[in-house]
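Before any comments, here is the structure.
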Amino acid sequence: MQNRPAPSRSPGLWSRLPVIGRLLVAFWGLVLVGGTTAALMLRHQSQSSTPRVTAQNKPLAPIAHQPDAVAVNHSTRQLMPAAQQIAAAPKAVPVTVPAPPAPAFKSPQMPPPIAQPPAIDLSSITASGKTALAIVLQGFGYSDAMTYDVLSRIPAPVAVGVSPYIGNLPDVLARAHAAHREIFVTLPMQSAHPETVDEGPHALGNGNSEADDRRELDWCLSRAQGATGLTDTSEAGDSQPGGGYATTPGFHPIEDIIASHGLLYLSGSSQEDRHIRGMTATAWINGDTDAATLDAKLATLLPEGAKPTHILLMVGPLTPVAIDRLATWLSGPATNRFVLVPPSALADNGATEEQAAAQPKDIQTAPL
């Protein structure tokens, strides 16, 4: 047999590709195989880590959102509609929780004025050879330190006078009230010389209309809740004699309103024509001076001769040295010559000619 040459074949696509083409095909093939393998592995891990949901461990969907959800009856381990399970469940008994009691409301108003002490027989004090002495300390409440000194060192019958302009007036009044002190709040009034004495923005008196005076009086009365009375004196002294508003007939309607509130009225001097129940000062001592001067004034307060019926002493302004010297004098030998009484014990029904004639004519006034 004659040998024939094998038929020739045309080269395939792979063999016809250049070398760079073969490399690119091989690269993308590897990328495709690797990506597919990684995706299959991740899917397998996800399926193995996710718990299989069965009828026994399938979570209950909220009834409000899925009304057909199936719940488990744990007593029989059988499946039942959630709506039936809710209907079969025991009804909860509503429990009424009592509301907490409302906090006690504390009224911002002050307590009523201090109850008046038992009637003091001034004539019996005089018959015993002693003087009935009442004292009012003007300028109380401006200093916490001096307030403490007064309340701790000065006997309780000694009263205090306060300005209505004090910012913490309710606290000052409460502290004095708790210490059983009589309290007299200054009623600002124009003096005979308003150009030299500033009585503040709520002053009554010359230049005001009747409505203005009533408005300022109402303001002062609102600041004097819990006080024993009002006074025309201040820590600066008595500004009314010699033409002050309290010495004029125009002040009489003001007195009537004050009396209608059950308050006493403390006049700074006998020059005022007082027509209201209250007291009139008989002596003044300037507290803004040195210890020696204060000792001398206190030493001459009680006359050596005939005993007066009573003495109402005003001390102002209040200073540490005045508190110290007064405390020393009130605990010294002079106590054998007087009986300390609250100012209200000296109250009368108003100035009359007989009462005015009995008032001392040499009343000392504090410098203004």
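Structure values in brief
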item	result
Considering residues of region 209-252 that are farther than 20 Å from His275 by Cβ and polar (S, T, N, Q) only, the residue least open to solvent (accessible area, probe 1.4 Å)	Ser234
Meets criteria (of a type in the set (A, V, I, L, M), under 22 Å from Gly287 (Cα atoms), open to solvent by less than 20 Å² (accessible area, probe 1.4 Å) and at pLDDT 85 or above) for Leu298	yes
Test: residue in region 263-279 that is part of a loop (DSSP other than H, G, I, E, B), closer than 29 Å to Thr131 by Cα, more than 31 Å from the chain's Cα centre (by Cα) and among the β-branched types (Val, Ile, Thr)	yes
Only one of Ala134, Ala159, Ala127, Ala145 that is among the aliphatic types (A, V, I, L, M), touching a residue at least 60 places away in the same chain (Cβ under 8 Å) and open to solvent by 60 Å² or more (accessible area, probe 1.4 Å)	Ala145
Residue in region 293-307 that is farther than 23 Å from Ala227 by Cβ and under 34 Å from the mean Cα position of the chain (by Cα) present	no
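The values are calculated or read from the model by the stated rules, or taken from the named source; none is laboratory data. Small disclaimer: the values here were computed from a predicted structure and weren't measured. Here Cβ is always computed from backbone atoms with ideal geometry, including for glycine, and neighbour counts include all displayed protein chains. Accessible surface areas use protein heavy atoms only, side chains included; no ligands, DNA or RNA. Shrake-Rupley method; radii C 1.70, N 1.55, O 1.52, S 1.80 Å.
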